[in-house]
Every structure is written in C-alpha cells, then in structure tokens.
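The structure under discussion appears below in the form of structure tokens.
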Amino acid sequence: MANNAVVIRSTGSWYEVATEEGEIVKCRIKGKFRLEGMKLTNPVAVGDIVDIEIEDIEEKTGIIKKIHPRKNIVVRQSPRKKHFLHLLASNIDQAVLIVTINKPKLKQGFIDRFLLMTEPYNIPVSIVFNKSDLYNEGDMRVFDYLNSIYQEIGYNCYLSSATEKTGVEEIKNQIKNKISLVAGQSGVGKSTLINAIQPNLNLKTNELSNYTGKGQHTTTFAEMFDLSFGGKIIDTPGIKNLSFNNLEVLDVAHNFREFFQKSNQCKYSNCTHRNEPGCAVKKAIEDEEISELRYYNYLQILEEIEAQNYWERHKM
C-alpha cells in the first residue's frame, strides 16, 4: 500500500501515479468513485492525491483505492457525452490560459468561458496572449483592449512569443513554485511556449492545418511535469469549445466576478441582469464601469444554457 501518491498522467483507462518515494506506478481504478453526485467521464484527475495498492511489484502496477478530498477541481462539459462532465485537473494553485489573437483567430467569448470553469473555485488565472511576433497593428489594438478589460477585473495578462522569447521570464516567475494548469485551444502554441519555458520537456509540437487554419491536437492526455526552477505544470489537450449544461443561469451570474460584486445593488436578489428593473449591472455597463464585451459573452452563455437544458427543464 502507498499513501499520498499523486496522479501525474491520465490516459483514460490507466493512470500513472508518483509515490512519495518517487516511484511511478501504472494504476487502474476498481469500483466507482463519485464527485458530489456529478456524472463524470473520468473519476480520477491529474493532480489527485490517492492511496494505491501495489498489484505487481516487478511490473509496477496497482489499483487506486482512495481519492483524498480535493481543494479544487477544473471541470468542463464532456465534448463527447453531453450530460457528463470531464475532470481536467485537481488541487491546482492557479491556471494559465494560453490564447492567440492571430493564427488561429481568437474565438469570441472563449476567455470568458474558460474563466467560468475556474471562478467557482476561486482559482487565480493568468491569460497569456501568445504568438505576439505574428500580430499586426490591428491585432495589437485587440490585445490592448482585452488586456485592459481583464487586468481591470483582476486577471494577470502577458504578451508572449516563444520564437522571440518575449514574456518567457515573466511567465516563469508567475508559475515558479506553484502547481499550474496550462490550457488553451489547439494551435495557440501552448507546447512551443512550454518548451521555451522548460526546454528539457521536449513536448511534441505541430503546425496549423493548412486546410482548416486551425490547430491540430498534439497533447492527447493530461500530464503533470516538474519544473527545474520549482513548481509543476499540468499540460492538457487543446480545448475546441466549452459548453455549460451543468450550470444554471444564476451560477453564471455569480461567476462573472464584476457582475457579482455589483449584484448586491440590484433591486431583486435573483436578478439575471437581463430585463429586470433596477439592475445595477446594466447601469454599470451604461456607465462603462463593466465591459460591454463581457456582458455580450454572458448573454450568449445564458442563451446556450437555456437552450441545452430545455428538455430537462420541461420534463413532466
């Protein structure tokens, strides 16, 4: 039996676990693990602290017997099973979201959708605008605009280029001595940037598809890596899109942080900040205290949630 081991790699059916003695054991799960009643495609996440039972000492295989309580999780709607959730990681100190404004074009609303996964657990997020060497004047104006929005509400933002080494030292300082989830859409240069920060990892990289102009997946499973300068990163597969049928309208309202701060001034305690009279959030948007872009993204997410959950809401 090995206690307080850490899951460092998840391939779907097997999990690689690092024991306190530094041994790597390939483990599977036996029985069912549940997370607060959630339906999960993967009950064990990279970052989990687990107790394992060794099955074969020579082959270094075992069974995960217990998952210790998590201090936080990052969970998303499963891209394959609409009514299930997928655990991206657990027990992290922060998340680093890597995006790019050009090649591929930044998807409208993607940043706010990602923040909706981390905000419920008060996980700090840094937003890295990568591939800055490819930005033209228009792209830089977009960066300045987005940078001002997210810095204003408390998210660190960085401009980076792996090829020109721009921002690499600043990002290293941000992740030093912390456990950081690193995420982004396919093609944003995530693996290339990680290799620039920690060269000996030699993560596989890939060019954009010439046909679609979109990123091709290079990371196929979540994996934790040690950093030579202190700390760990959890690298995750590229995210194509993010949906939220596991959330209700007020869950979204409460996790747009600047909306939540203003909501105690709304006339109604259950204000959704749409058509209700006396809404402090809408007043703040009119007064340019809250980003109109964030509000637009918020409305889009609410519409999707209500459309996705229509049949669940109207079951007899």
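The values are calculated or read from the model by the stated rules, or taken from the named source; none is laboratory data. Small disclaimer: the values here were computed from a predicted structure and weren't measured. With ideal geometry, Cβ positions are generated from the backbone for all residues, glycine too; neighbour counts draw on all protein chains shown.
Kindly indicate whether LYS262 is basic (Lys, Arg), over 24 Å from TYR145 (Cβ atoms) and not assigned by TED's automatic domain parsing to the domain that holds TYR150.
Values: basic (Lys, Arg): yes; over 24 Å from TYR145 (Cβ atoms): no; not assigned by TED's automatic domain parsing to the domain that holds TYR150: yes.
For LYS262, the condition - basic (Lys, Arg), over 24 Å from TYR145 (Cβ atoms) and not assigned by TED's automatic domain parsing to the domain that holds TYR150 - is not met.
Could you list all residues from segment 187-235 that are of a type in the set (Gly, Ala, Ser), within 13 Å of LYS131 (Cβ to Cβ) and modelled with pLDDT under 75?
Correct list: GLY215 only.
Can you tell me which of GLY184, GLY154 is in contact with a helix residue (DSSP H, G or I) (Cβ under 8 Å, 6 or more places away or on another chain), modelled with pLDDT under 95 and closer than 22 Å to ASN72 by Cβ?
Just a single option satisfies the conditions, and that option is GLY184.
Of all residues in segment 153-167, which are within 17 Å of ASN122 (Cα to Cα) and either in contact (Cβ under 8 Å) with a residue 60 or more places away in the chain or not in a strand (DSSP E or B) (or both)?
Answer for segment 153-167, where residues must be within 17 Å of ASN122 (Cα to Cα) and either in contact (Cβ under 8 Å) with a residue 60 or more places away in the chain or not in a strand (DSSP E or B) (or both): ILE153, GLY154, TYR155.
Specify the residue that is nearest to ARG113 (Cα to Cα); the eligible residues are those in segment 246-298 that are assigned to a loop (DSSP other than H, G, I, E, B) and hydroxyl-bearing (Ser, Thr, Tyr).
Per the stated criteria, the residue is SER291.
Can we say LYS165 is over 18 Å from the mean Cα position of the chain (by Cα) and either within 17 Å of ALA95 (Cβ to Cβ) or not hydroxyl-bearing (Ser, Thr, Tyr) (or both)?
Yes; evaluated as a whole, the condition is true for this residue.
What do you reckon, is ILE149 modelled with pLDDT of 95 or more, surrounded by fewer than 18 Cβ atoms within 10 Å (Cβ to Cβ) and touching a Ser or Thr at 6+ places or on another chain (Cβ under 9 Å)?
It is false that ILE149 is modelled with pLDDT of 95 or more, surrounded by fewer than 18 Cβ atoms within 10 Å (Cβ to Cβ) and touching a Ser or Thr at 6+ places or on another chain (Cβ under 9 Å).
Where residues in segment 169-190 are buried (at least 16 other Cβ atoms within 10 Å of the Cβ) and in a helix (DSSP H, G or I), which of them is nearest to the chain's Cα centre (by Cα)?
LYS190
Condition check ((1) under 22 Å from PHE143 (Cβ atoms); (2) surrounded by fewer than 19 Cβ atoms within 10 Å (Cβ to Cβ); (3) touching a strand residue (DSSP E or B) at 6+ places or on another chain (Cβ under 7 Å)) across all residues:
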| position | (1), (2), (3) |
| --- | --- |
| GLU55 | no, yes, yes |
| ARG76 | no, no, yes |
| LYS82 | no, yes, no |
| LEU97 | yes, no, yes |
